[in-house]
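Asker: Just dropping this structure here.
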Amino acid sequence: MTDESSIPDFKNLSLTSNGKAADKSQHLVVCFGEMLIDFVPTVGGVSLAEAPAFQKAPGGAPANVAVCVSKLGGSSAFIGKVGDDEFGRMLDGILEQHKVDNSGVRFDQNARTALAFVTLTAEGEREFLFFRNPSADMLLHESELDIDLIKKSAIFHYGSISLIDEPCRSTHLAAMAAAKKSGSLLSYDPNLRLPLWPSEEAARSGIMSIWDEADIIKISEEEISFLTGGDDPYDDDVVMKKLFHPNLLLLIVTEGSAGCRYYTKEFKGRVNSIEVKAVDTTGAGDSFVGGLLTNLASDITLYQDERRLREALFFANACAALTVTQRGAIPALPTKDAISRFISEASVTNHG
């Protein structure tokens, strides 16, 4: 397994394989699923009950990825449903503000936009409290899908929350089928949120029900343990035998501040991250995915070249690291310039 602890020289790192600006119409990342309002405590290291106040922040994993791709200079679109309310209109406006194609957004007059209260306690535990009874994102119908937009995607990205309830589950499956038929790469981040599922078994079976369809999967250590029934998430045999399905092109295991591991049919390895002082880890995984998919969309075969893949993964690690230095998800997502400066400063410090 390749393992390098030093920071590579990324002076020439580009979001395209040839150093030229990407033709956005040819490198579209379409993200499907939920967009909601995160409420994050104004102080760190407290439980939800102890928080003195909360800061409102736009969120929802697929939407976070779409905004991240756009902020990094890529081309993205979001497909999902929000309430026809003040929060829903605000979220739609945020997509537009960040130059995310929002033509696939639908509004529900009879359901509210989802809310989530999120915190990281002093013990390092994430706490979630969701308000979805049901929320608008759960009520997206297949008839409301923008199929033409899906067909334009180089990469179609999604999570598992949209699989929990009908009609959104059937809509999700139809969108995946349309993307696959049009030749898009399918990108899957399970993004396990147990409180939203009826049971642990429902979560496990629901997440795995579409596992073998994905071309790219990003998963965390905790999710490996959950999906395998408690197996060692650091064991390469566990990953390859239980999670690496025959048609998979790339499997990424994120390890928080330690960086990530990568697995393809030809090679595997680890890429370290950049050490930072974390303020709020909300959105870190989505920022990582956004960084990776931005590079992959403009260089669709980079997973076949280990050097190029490692560069893209280091870039993705840097995106996640910079995101945790601020509160909230979308507000904390970095720009391409911010990442370039961050990597450059880290390289200077490392080689100091």
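Asker: For segment 51-87, which residues satisfy the criterion of being crowded, with 18+ Cβ neighbours inside 10 Å and more than 22 Å from the chain's Cα centre (by Cα)?
Answerer: Scanning segment 51-87 gives Ala51, Gly83.
Asker: How many residues does segment 300-327 hold that are within 12 Å of the chain's Cα centre (by Cα) and open to solvent by less than 10 Å² (accessible area, probe 1.4 Å)?
Answerer: Here is the first cut: in segment 300-327, the ones within 12 Å of the chain's Cα centre (by Cα) are 316, 319-320.
Checking which are open to solvent by less than 10 Å² (accessible area, probe 1.4 Å) leaves us with 316, 319.
Matching residues across segment 300-327 total 2.
Asker: Filter segment 230-255 for residues that are touching a residue at least 12 places away in the same chain (Cβ under 8 Å) and over 26 Å from Lys180 (Cβ atoms); which is most open to solvent (accessible area, probe 1.4 Å)?
Answerer: Filtering segment 230-255 for residues that are touching a residue at least 12 places away in the same chain (Cβ under 8 Å) and over 26 Å from Lys180 (Cβ atoms), the one most open to solvent (accessible area, probe 1.4 Å) comes out as Tyr234.
Asker: While we're looking at this one, here's another question. Within segment 122-135, is even one residue of a type in the set (A, V, I, L, M, F, W, C), open to solvent by 60 Å² or more (accessible area, probe 1.4 Å), farther than 19 Å from Gly80 by Cβ and in contact (Cβ under 8 Å) with a residue 24 or more places away in the chain?
Answerer: At the first step, the residues of segment 122-135 found to be of a type in the set (A, V, I, L, M, F, W, C) are 122, 128-131.
Remaining after also requiring open to solvent by 60 Å² or more (accessible area, probe 1.4 Å): 122, 129, 131.
Imposing the further condition that a residue be farther than 19 Å from Gly80 by Cβ reduces the set to 122, 129.
Now restrict to residues that are in contact (Cβ under 8 Å) with a residue 24 or more places away in the chain: 122, 129.
Yes, segment 122-135 contains a residue that is of a type in the set (A, V, I, L, M, F, W, C), open to solvent by 60 Å² or more (accessible area, probe 1.4 Å), farther than 19 Å from Gly80 by Cβ and in contact (Cβ under 8 Å) with a residue 24 or more places away in the chain.
Asker: Mind telling me which of the residues Glu275, Glu266 ends up being open to solvent by 60 Å² or more (accessible area, probe 1.4 Å), part of a loop (DSSP other than H, G, I, E, B) and within 21 Å of Gly328 (Cα to Cα)? Can you show your working first?
Answerer: Numbers: Glu266 fails: within 21 Å of Gly328 (Cα to Cα).
None of the other options fit; the residue is Glu275.
Asker: Next up: Within segment 328-339, work out how many residues are in a helix (DSSP H, G or I), touching a residue at least 12 places away in the same chain (Cβ under 8 Å) and open to solvent by 10 Å² or more (accessible area, probe 1.4 Å).
Answerer: Looking only at segment 328-339, we keep the residues that are in a helix (DSSP H, G or I), and these are 330-332, 336-339.
From what is left, the residues that are touching a residue at least 12 places away in the same chain (Cβ under 8 Å) are 330-332, 336, 338-339.
Still in the running and open to solvent by 10 Å² or more (accessible area, probe 1.4 Å): 331, 336, 338.
Within segment 328-339, residues that are in a helix (DSSP H, G or I), touching a residue at least 12 places away in the same chain (Cβ under 8 Å) and open to solvent by 10 Å² or more (accessible area, probe 1.4 Å) number 3.
Rundown of residues vs (1) among the hydrophobic types (A, V, I, L, M, F, W, C); (2) open to solvent by 40 Å² or more (accessible area, probe 1.4 Å); (3) under 19 Å from Ser153 (Cβ atoms), yes/no style:
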site	(1), (2), (3)
Phe39	yes, no, no
Ala49	yes, yes, no
Arg89	no, yes, no
Phe107	yes, yes, no
Ala116	yes, no, no
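Asker: Which condition does Ser170 not pass, out of (1) in a strand (DSSP E or B); (2) within 30 Å of Leu249 (Cβ to Cβ); (3) among the hydroxyl-bearing types (Ser, Thr, Tyr), if it passes all the others?
Answerer: Only one criterion is unmet by Ser170, namely (1).
Asker: Now a separate question. Whether any residue in segment 286-299 is open to solvent by 20 Å² or more (accessible area, probe 1.4 Å) and in a helix (DSSP H, G or I) is what I want to check.
Answerer: No: zero hits.
Asker: I'm checking my understanding of the structure. Among residues of segment 202-219 that are small (Gly, Ala, Ser) and open to solvent by less than 20 Å² (accessible area, probe 1.4 Å), which one is farthest from Asp165 (Cα to Cα)? It would help to see each step written out before you state the result.
Answerer: In the first step, residues of segment 202-219 are kept if they are small (Gly, Ala, Ser); the result is 202-203, 205-206, 209, 214.
Checking which are open to solvent by less than 20 Å² (accessible area, probe 1.4 Å) leaves us with 203, 206, 214.
Values: Ala203: 11, Gly206: 10, Ala214: 20 Å.
By that ranking, first place goes to Ala214.
Asker: Another question, if that's okay. Is at least one residue of segment 186-198 in a helix (DSSP H, G or I), surrounded by fewer than 17 Cβ atoms within 10 Å (Cβ to Cβ), touching a residue at least 40 places away in the same chain (Cβ under 8 Å) and in contact with a Phe, Trp or Tyr (Cβ under 9 Å, 6 or more places away or on another chain)? It would help to see each step written out before you state the result.
Answerer: At the first step, the residues of segment 186-198 found to be in a helix (DSSP H, G or I) are 194-196.
Among the residues that remain, those that are also surrounded by fewer than 17 Cβ atoms within 10 Å (Cβ to Cβ) are: 194-195.
Checking which are touching a residue at least 40 places away in the same chain (Cβ under 8 Å) leaves us with 195.
Narrowing the set further to residues that are in contact with a Phe, Trp or Tyr (Cβ under 9 Å, 6 or more places away or on another chain) leaves 195.
Yes.
The values are calculated or read from the model by the stated rules, or taken from the named source; none is laboratory data. In this text, all values refer to a predicted model and were calculated from it rather than measured experimentally. Cβ sites come from the backbone with ideal geometry, for glycine too, and all protein chains shown count toward neighbours. Calculation scope for accessible area: heavy atoms of the full protein, side chains included, ligands and nucleic acids excluded. Shrake-Rupley method; radii C 1.70, N 1.55, O 1.52, S 1.80 Å.
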